[in-house]
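Heads up: the structure comes next, in structure tokens.
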């Protein structure tokens with residue numbers, strides 16, 4: 001935070017803990033939200049992102065830089081899983 005490190009947030013609890021610490025210390029943090037789009041890896045669910053995003057954006061301790069995810073087959077042209085993941089991701093990235 002003091003050295004320009006960007007943090008990846010994977011759950012509402014992660015965000016809450018970090019914002020409480022920064023609120024007490026006066027520090028600010030830059031963060032990405034990691035979206036779980038179907039591979040069942042680390043990240044916030046689409047439901048949680050849509051529910052908590054307005055609150056996260058309003059929080060004075062943090063600065064949202066972006067939202068990211070991982071694709072099952074980022075190089076495949078016809079991957080059904082990647083197509084479904086992109087569809088899920090667009091639900092939060094392009095309201």
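Using only helices, what value at 222 nm comes out for the chain when you add -39,500 (n - 2.57) per DSSP H run of length 4 or more and divide by the total residues, to the nearest 500 deg cm²/dmol?
Numbers: 3 runs with 41 residues, N = 95.
It comes out at -14000 deg cm²/dmol, rounded to the nearest 500.
Ranking request for peptides 51-62, 35-46: highest mean number of other beta-carbon atoms within 10 Å first, then the rest in descending order. Don't skip to the answer; put the middle values down first.
Details: 51-62: 14.2, 35-46: 17.3.
Packing order, densest peptide first, comes out as 35-46, 51-62.
If you line up the long axis of helix 46-58 against the longest principal axis of the chain, both from Cα atoms, how many degrees apart are they, to the nearest 10?
30 degrees
From the Cα trace of the chain, what convex hull volume per residue do you get, rounded to a whole Å³? List each step's numbers first, then the result.
On the way: hull volume 9.0 nm³, N = 95.
Taking only Cα atoms, the chain has a hull volume of 95 Å³ per residue.
Using alpha carbons only, how many degrees (0 to 90, rounded to 10) separate the axis of helix 12-25 from the longest principal axis of the chain?
For 12-25 against the chain, the angle is about 20 degrees.
Using a Gaussian network model of the chain with C-alpha springs under 10 Å, which one of 49, 21, 67 is most mobile by mean-square fluctuation?
Of the options given, 21 has the highest mean-square fluctuation.
Where a number appears in this text, it was derived from the coordinates with a stated rule and is not lab data. Bear in mind that the values here come from a model prediction, so they are computed numbers and not experimental data. Every residue, glycine among them, receives a Cβ derived from its backbone with ideal geometry; neighbour counts consider all protein chains shown.
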